[in-house]
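Rule-based calculations on the coordinates, nothing more; no lab input. These numbers were taken from a predicted model, which means no experiment stands behind them. No Cβ is skipped: glycine too gets one built from the backbone with ideal geometry, and neighbour counts run over all protein chains shown.
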């Protein structure tokens, strides 16, 4: 009953996710600005990412938050702490505060809604910012509070799993097929959020990126937005989901490019949640995996006149990283990545998706496959975002510097084995295997 009420509660209150009592704070963007790795964004976090500035996502009208029963008054404990249930509604001052201001001890900037009124608390900090890494806007928590400082926060109902994906996978099964199957899990409902998949303090993988399932929060956020969602609104930082202040407030809402691959790799290599993560700077992503002994790194030229890419290869260049799903008969490549591509209404939102790389520039068979499978299996996403062909010069003929290059898995137990013969299949055959039959 509690889980059902929580789901209803989340769907009704999630519009509050972008409404901050006053401006608040967030992390970095696109390239290697902070630690996070983004897509085709400019290296400077403040630089526009497109020639045409998208109109800001409309700020939703605040919706009264219903509760199944009145929130009980704080109950003092023998040690002087009070306990109460409250909905986290964000940082007071988001968009103008800095990470240093938000992270300092005693900063009463964390806003909660309890018993119909807003309350501002400080957070008891530790080196891992444990409490901040569990807070998600619009969700209800059981709080322990002492002297206006939250000492413990427990998500009511626990972390929920997302809706089932049409492709199944097994956490910890080290095969190429399982890697590609895991990569499909966030498809169709995970928006591009700069800093998504990174920890709240932006120094590595978040708890969600080290979970062996796709969290419900990605889909909740997707359902709370429209095709007008934009990942970065410079005109209105206080209602933007971009980390202008230097921390990842919306780490839980979606994934950026390195957050996506980090979650995918964790769910391929690890069978239990909570281990060391695989979220790295986007430009250095391929090289970092090789340095971990999982395979080989190369900065050689790719494709025409160079090394042909194959299924499971991971490519990194300045500000972005992606994975190759497979090659089509016409030579075009089908890839998986998280990128803030424009929606059908022209807003740069995007997210986890299938895209095509074609030397001729028209997308080829890979683009046709991407659109066919997305439209059939993820129609809600397809109604907002059309699959595209990315620039060959950017994704293949990039400048080799700063660790840019590609990574290939070792074909043994130190990397990923291929008992299913993925490397001998075309992109269409791989998709047919993963989805259990061809898309009509």
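What to note about this one:
- Debye intensity ratio I(q)/I(0), log10, the range 77-174, q values 0.11, 0.12, 0.24 Å⁻¹ (C-alpha model): -0.41, -0.47, -1.34
- Cα Rg over Rh - the range 285-440, Kirkwood: 0.96
- Ellipsoid semi-axes for the range 153-250, based on the Cα gyration tensor and the rule √(5λ), read 26, 16, 14 Å when sorted largest first.
- Computed FRET value (nearest 0.05) for residue 147 with residue 118, which takes r as the C-beta separation and R₀ as 22 Å: 0.75
- With N counted as the residues of the range 271-354, its alpha-carbon radius of gyration over 2.2 N^0.38 Å works out to 1.26.
- Among 339, 114, the ranking by other beta carbons within 10 Å of each residue's beta carbon, starting with the fewest, stands as 114, 339.
- Unit Cα scatterers, Debye sum, the range 194-256: log10 I(q)/I(0) for q = 0.15, 0.20, 0.25 Å⁻¹: -0.45, -0.78, -1.10
- At q = 0.28 Å⁻¹ the log10 of I(q)/I(0) for the range 368-437 amounts to -1.11, computed by Debye summation with a single uniform scatterer per C-alpha, solvent ignored.
- Cα gyration tensor shape for the range 95-137, rounded if a/c is under 1.5, else prolate or oblate: prolate
- Each 10 Å bin, from zero up to the one with the longest distance, holds this percent of the alpha carbon pairs of the range 218-297: 15, 39, 29, 16, 1.
- Rg/Rh for the range 285-324, where both radii come from Cα atoms and Rh is the Kirkwood radius: 0.94
- Each of 384, 304 was scored by other Cβ atoms within 10 Å of its Cβ. Arranged with the fewest first, they read 304, 384.
- In terms of surrounding Cβ atoms within a 10 Å radius of their Cβ, 180, 334 rank from fewest to most as 180, 334.
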